[in-house]
Amino acid sequence: IGGFFTSVNGETHNHIARLNSDGTIDGTFDTGTGAGNNVWTIQVQSDDKIVVGGFFTSFDGQTHNRICRLNADGSLDNTFDAGVGPDANVFKTVIQDDEKIIIGGFFENLNGQSQNRVARLNADGTQDVSFNVGTGASASVRALLLQDDGKLLVGGFFGTFNGSAHGGIVRLNNDGSTDNTFISGSG
């Protein structure tokens with residue numbers, strides 16, 4: 001579980017914890033000091049590693065700007081390095097079959113480069129520059145849904161995506177380009 005909390009069942013757990021099926025704390029999941037601020041999204045990969053996104057700029061006392069990956073036991077996965085990371089909230093993450101990670105949120109930059117509110121990371125956390133959304137979303141991205149065909153539905157508070165009217169929903173091709181066969185209108 002992730003969110004605004006700093007304790008669960010009377011125990012300190014900063015913004016993230018794992019519960020057993022009966023609701024008790026899973027003591028084998030140790031995130032150290034946890035997230036430095038709110039956790040908005042958690043996705044478990046096929047190898048049981050856990051991608052965490054949110055509003056935090058640190059995790060277990062280490063600098064991790066709004067995205068990090070944990071091992072199955074809750075410890076930081078140091079093989080995942082998103083660099084400087086996004087400059088604002090990550091609200092949603094999805095993991096592709098190839099373990100690439102798509103992030104959506106309120107950010108306008110990723111690693112100091114313009115990247116408006118949706119981006120794709122390689123499995124090691126580096127930016128996948130082959131995923132190009134152009135000018136991206138004009139406002140916050142709050143929902144991502146990966147379709148079986150690899151296309152991505154993107155939803156949020158934006159009126160335009162890559163300069164065209166899309167009224168809060170757009171579908172992207174696997175390379176990040178807008179799928180113009182999906183007519184979302186002006187909202």
Quiz item: Only one of (1) touching a Gly at 6+ places or on another chain (Cβ under 7 Å); (2) closer than 22 Å to TRP40 by Cβ fails for THR135. Which number is that?
Solution: (2)
Quiz item: Among the residues of the stretch 164-187, is there at least one that is closer than 16 Å to PHE107 by Cα and part of a loop (DSSP other than H, G, I, E, B)?
Solution: no
Exercise. Determine whether the stretch 5-17 contains at least one residue that is in contact with a Leu (Cβ under 9 Å, 6 or more places away or on another chain), under 30 Å from ASP149 (Cβ atoms) and open to solvent by less than 10 Å² (accessible area, probe 1.4 Å).
Key: no
Self-check item: Residue selected from the stretch 20-31 under the condition open to solvent by 70 Å² or more (accessible area, probe 1.4 Å) and touching a residue at least 12 places away in the same chain (Cβ under 8 Å), by the criterion farthest from VAL51 (Cα to Cα)
Solution: THR28
Quiz item: Only one of these conditions is not met by ASN180: (1) at pLDDT below 95; (2) in contact with a strand residue (DSSP E or B) (Cβ under 8 Å, 6 or more places away or on another chain). Which number is it?
Solution: (2)
Practice problem: Output the qualifying pairs, or none if there are none: Cβ atoms under 7 angstrom, residues six or more apart or on different chains, first residue in the stretch 65-94 and under 13 Å from GLY53 (Cα atoms) and of a type in the set (Ser, Thr, Tyr), second residue assigned to a loop (DSSP other than H, G, I, E, B) and open to solvent by less than 40 Å² (accessible area, probe 1.4 Å). | Solution: none
Quiz item: Do we find that PHE161 is surrounded by 16 or more Cβ atoms within 10 Å (Cβ to Cβ), more than 18 Å from THR93 (Cα to Cα) and at pLDDT 95 or above in this structure?
Solution: yes
Quiz item: Within the group GLN113, GLN147, GLN96, which residue is at pLDDT below 95 and either of a type in the set (Lys, Arg) or surrounded by fewer than 18 Cβ atoms within 10 Å (Cβ to Cβ) (or both)?
Solution: GLN113
Quiz item: Within the stretch 100-109, is even one residue more than 11 Å from the chain's Cα centre (by Cα), open to solvent by less than 20 Å² (accessible area, probe 1.4 Å) and closer than 15 Å to ASP175 by Cα?
Solution: no
Quiz item: Restricting the first residue to the stretch 32-54 and requiring it to be farther than 14 Å from GLY85 by Cβ, which pairs with a second residue that is acidic (Asp, Glu) and open to solvent by 50 Å² or more (accessible area, probe 1.4 Å) meet a Cβ separation below 6 Å and a spacing of at least six or different chains?
Solution: GLY32/ASP60; THR33/ASP60
Quiz item: Among the residues of the stretch 73-87, which ones are of a type in the set (S, T, N, Q) and within 18 Å of THR33 (Cβ to Cβ)?
Solution: SER75, ASN78
Quiz prompt | Among the residues listed as THR57, THR63, THR24, THR12, the single one being within 25 Å of ALA143 (Cβ to Cβ) and hydroxyl-bearing (Ser, Thr, Tyr) | solution = THR57
Exercise. May I ask you to say which residue of PHE56, PHE80 is over 30 Å from GLY168 (Cα atoms) and open to solvent by less than 60 Å² (accessible area, probe 1.4 Å)?
Key: PHE80
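The values are calculated or read from the model by the stated rules, or taken from the named source; none is laboratory data. As the structure is a computational prediction, the values presented were derived from the model and not from experiment. Positions of Cβ are backbone-derived with ideal geometry, glycine not excepted, and every protein chain shown enters the neighbour counts. For the accessible areas, the whole protein counts, side chains as well, though only heavy atoms, and no ligand, DNA or RNA atoms are used. Shrake-Rupley method; radii C 1.70, N 1.55, O 1.52, S 1.80 Å.
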